[in-house]
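The values are calculated or read from the model by the stated rules, or taken from the named source; none is laboratory data. Predicted model only: the values in this text are computed from it and were never measured. Because the Cβ atoms are built from the backbone with ideal geometry, glycine has one as well, and the counts that use them run over all protein chains shown. Quick note on the areas: whole protein, heavy atoms, side chains included, nothing else; ligands and nucleic acids left out. Shrake-Rupley method; radii C 1.70, N 1.55, O 1.52, S 1.80 Å.
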Amino acid sequence: MKKKVETYIERFKAAIQSLEHADERIKKQDIDFVRALSRIVETHPGIKSGRSKYIAEKALLISCVLDMSTEEKKDIFYAALLMQIGKITLPDKLLTKPFYSMSVVDKYRYLGHSVESEVLLLGLTQFAGATTLIRHQYEHYNGQGFPDGLKQQNIPLGSRILSVVSDYIEYLEGSMTGKVMYADAALSQLMIRKESCYDPDIVDIFANVLKGATVEELKEALAKSKLLAVATERWRKGFVMNSQNKPIKPISIVEIALPQLKIGMKVDRIYFGGQLYIRNCVVDQSIIDNVTKLAKNYGNNLIIKICLDVK
């Protein structure tokens, strides 16, 4: 299989040289090459057919939500279709073994296929961006990933997207644990690993992609999520402590409507959609502004509870 792939790549390089000044023909040649190479790779034992196409489709949806450039989308598309190419260098036995069942040595050997891809695609400069995304597909958001230990925004955005979609398929098909999972269970594996393995924003977007949301709906959901994050962070900084550095101790708590919320009131809790977003703070104008904005999105799901008296 490796020899077959190498031969196909060399033929493509030779064909591209004859199209040096035909931009549109080169573009079509690139796409045809990537698609054909992806199909060849997926005939290898232990590499499941159709996975790359699924990853490419979902990853492109996420890239549209994030308003990535045409060039960035192209790199994600190519990377999604070719991200398994390095697996052809691995023994068949390793490819059929669940990742969680591997020894530490075998895990690193398996993860190394992301680096082997660079060797196989060497010299194809038009795929340099995609190759970089493939290399970093196993980086973790907390910096504990492979191969370079990149952290958060230092991990290429395309790699962060591919990681989420690819691992979802791995959990779904049982390649991670050895047991096939329902969609909800596979998604929950991503959710509990937000901040550690995965970019939390991308996991949230992908969760909505799985629900069939349109690009516009996905963008709206992302905007709401960011607004909530900003509001929550401001509220955290506004926590009020008494002179003994202890949390406020309310005597009486009442629920009020948004128009009744005033500067100087002491908040016990504020909920949006059944989720707690703030507790134990004194209201200032920024809190009123944020709650008002959030209320426009969540409507009747807003619950405000204040303290009437404080010891």
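A search for C-beta distances below 8 Å between a residue of segment 169-195 that is farther than 12 Å from Pro98 by Cβ and touching a residue at least 60 places away in the same chain (Cβ under 8 Å) and any residue that is open to solvent by 50 Å² or more (accessible area, probe 1.4 Å) and assigned to a helix (DSSP H, G or I), counting only pairs 6+ apart in sequence or on different chains, returns Ile169/Tyr54. With a requirement of 2 or more residues that are open to solvent by 30 Å² or more (accessible area, probe 1.4 Å) and of a type in the set (Asp, Glu), the helices (runs of 4 or more DSSP H) lying completely within segment 128-237 that satisfy it span 200-210, 215-237. The set of residues in segment 93-114 being in a helix (DSSP H, G or I) and in contact (Cβ under 8 Å) with a residue 60 or more places away in the chain consists of Phe99, Tyr100, Ser101. Just the residues that are assigned to a helix (DSSP H, G or I), at pLDDT below 85 and open to solvent by 50 Å² or more (accessible area, probe 1.4 Å), please, taken from segment 14-42. Answer for segment 14-42, where residues must be assigned to a helix (DSSP H, G or I), at pLDDT below 85 and open to solvent by 50 Å² or more (accessible area, probe 1.4 Å): Ala14, Gln17, Asp23, Glu24, Arg25, Lys27, Lys28, Gln29. Residue-level check: of (1) closer than 25 Å to Ser196 by Cβ; (2) open to solvent by 50 Å² or more (accessible area, probe 1.4 Å); (3) in contact with a Leu (Cβ under 9 Å, 6 or more places away or on another chain), Lys97 misses just (3). Of Lys262, Lys296, which residue is more than 26 Å from Leu222 (Cβ to Cβ), of a type outside the set (S, T, N, Q) and open to solvent by 50 Å² or more (accessible area, probe 1.4 Å)? Result of the check over Lys262, Lys296: Lys262.
Against the numbered list (1) open to solvent by less than 50 Å² (accessible area, probe 1.4 Å); (2) among the hydroxyl-bearing types (Ser, Thr, Tyr); (3) touching a Pro at 6+ places or on another chain (Cβ under 7 Å), Ser117 comes up short only at (3). For segment 43-88, a residue qualifies if it is over 17 Å from Ala130 (Cα atoms), among the hydrophobic types (A, V, I, L, M, F, W, C) and in a loop (DSSP other than H, G, I, E, B), and the qualifying residues are Ile47, Leu66.
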